[in-house]
Each structure stands twice: as C-alpha cells, then as structure tokens.
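Report on one structure; see the data block that follows.
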Amino acid sequence: MRLLLKFNLVFVLIFLLGLVATGVMTRQMLERHAQEETLQQARFLLEKALAVRSYTSTQVAPLLDTQMKYAFLPQSVPAFSATEVLAKLQKNHPEYAYKEATLNPTNPRDRAVEWEADVIAEFRKSSELKEFVGERDTPAGRALYIARPIRIADAACLRCHSTVETAPRTLVEKYGPANGFGWQLGEVVGAQMVSVPMAVPMARAQAAWAAFMGMLAAVFVVIAVALNAMLWWLVIRPVTRLSRLADRVSLGELSAPSFATGARDEIGRLAASFGRMRKSLVQAMKMLDGATS
C-alpha cells in the first residue's frame, strides 16, 4: 500500500471520528442553548403578567371600589387583567399561551385541565417548589412551559374566596355560588402557566448546526488537500526519486547522476547518506577492478 494512501486512510478515519464527536457535542450545546432561549422568553412573558397583576392591584382596583358596590367588575381582579392583556398578544402569536390555571376558579375559563392540575399538584406537595419547567406537545408543535404557584399569601383574597356569605354580593351574582370558594390562607390554589413554542429556536439551532458542520467539513477538506500537497512535494516526490536512483545503482549503473536536494531536513540527510554510500561503493568497485587486473 502506498504511503500517500495510508496517510489519507488514517487522516479520513481521524476526520470522521472528530466530525462525529464534534457534531454530537455541538448539537447538544445548540439544542440546550435553544431551550434556554425559549425558557427565557417564557420567563419574560411571566414577568410581564406579574407586572400587569401588580399594576391592576395597586392602580386600577382602588379606582373601581365604588362601582364594585353596584356591579362586579372583573377588570379589578389582577388575574383577569393579566389574562386579558396576554390574550391580546396571543391573537397575533397563537403559539404563545398564558393561563392562571386554578383547581377551583371563580371564572370557569381558568379551570385547570388535566396536565395543568398535575403541575399544581406538584406545587401543593412541596412548599419549597417555586418554579416548574417542562415540555409538552401542542397543535403548533413542541412547547416549553414554565409554571409558578398561585399561593394565597394575603388574607384580603379570602374576602372573595373563603365562603359565599362573606363574598361580595356582586361577585356571587355574576359567577354564582358554586365555584371559587373554600380557599385557605397559605394554600396553593393554582399556577401561572406560560407556554412558548420550541419550533423556531430549534429550527435556528438546527440551521446553525448544519452550517457549522458544513464549514468544519470544508476546513478538513482544505487541510487534507494542503497536507497531501506538502506530503507529495516534501516527502513522496524526493523519496521516489531517491528510490529510483537506488535501483539503478543496485543494478550496477554507477554512472547514474547524483541526487542532491540541498535541504537540511531528514530527506536531505538521507540523500547525503546515500551519496556517501554510493561513493564508497564506487571506490570499492575500483579497488576490486585494480586488484583483479
């Protein structure tokens, strides 16, 4: 097997192993980055909902106290305001979703579905759990969701949700006496849920991975061509010439031209050693001819 072929086989093997290892690690890194980016978007939407809640509680609700005596206005409820504001965003971006899922809500639209109830159950089991992150399949594709518990930390909330008798008359008239009561101080009654699609970030990660692997393969090809050219010019070519000259000398052609490279590397030293060996062989042949004659 030729030296150049052996070199290329080893090089291709190392290249393939390196390409596979780099591809796996790079893909995992890009997918992890895409997931972190998606999670950051979900946290941003959740913080926006919290900001709307705070604004409604401190700025809007006090202005509606008088009107609330005659008719219940859901706009005074922080959860309602946050849901309405993010619902506007969802009209233009239906793949994004926000919900204040509750096990026993006053407003039926906030009732938790099965998978949301499972997340709320995790919060109810552990009082130290402050955030829950997971993935689920949606009609728009794979989505990442982040949830935070809705815990009754303010006794003022119980004015509307403890018993039917203590709840505002206008609230009972609007939503009825069947739902949204029996809450207790410190109890986790639901969870704020934000779902963000992963399709776009994952597609960008896939495109970035493909571009990176393509550039990496191109770099390896350029290196392979450069190494082959250097190997041919600096090693294969002079060694081949030296081998042919050695064959001629070994067949008795002592008048064959000398091989001089002028290089000071290993090939140059090999050529110099061959030249000395050839001179010694010529002198030995002359001495042998003189003794014979």
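Some notes on this structure:
- Odd one out for Ala156 among (1) assigned to a strand (DSSP E or B); (2) over 25 Å from the mean Cα position of the chain (by Cα): (1)
- Any hit, region 131-144, residues being more than 20 Å from the chain's Cα centre (by Cα), at pLDDT 85 or above and over 19 Å from Glu100 (Cα atoms): no
- The residues in region 64-84 that are surrounded by 13 or more Cβ atoms within 10 Å (Cβ to Cβ), more than 20 Å from Ile146 (Cβ to Cβ) and β-branched (Val, Ile, Thr) can be counted, and the count is 1.
- Single residue of Leu30, Leu4, Leu19, Leu13 found to be surrounded by 17 or more Cβ atoms within 10 Å (Cβ to Cβ), out of contact with any strand residue (DSSP E or B) (no Cβ under 7 Å at 6 or more places or on another chain) and under 30 Å from Val221 (Cβ atoms): Leu30
- Residue match in region 85-98 (condition: outside any helix (DSSP H, G or I), touching a residue at least 60 places away in the same chain (Cβ under 8 Å) and either among the hydroxyl-bearing types (Ser, Thr, Tyr) or over 18 Å from Ala147 (Cα atoms) (or both)): yes
- Filtering region 79-99 to residues that are basic (Lys, Arg) and either closer than 21 Å to Leu39 by Cβ or modelled with pLDDT under 80 (or both) leaves only Lys99.
- Region 201-212 residues that are in contact (Cβ under 8 Å) with a residue 40 or more places away in the chain, paired with ones that are small (Gly, Ala, Ser) and in a helix (DSSP H, G or I) (beta carbon under 6 Å, 6 or more apart): Pro201/Ala34; Met202/Ala34; Ala205/Ala34
The values are calculated or read from the model by the stated rules, or taken from the named source; none is laboratory data. The shown structure was predicted, so the numbers you read here are calculated from the model rather than taken from an experiment. As a convention, Cβ positions derive from the backbone with ideal geometry for all residues, glycine included, and neighbour counts pool all protein chains shown.
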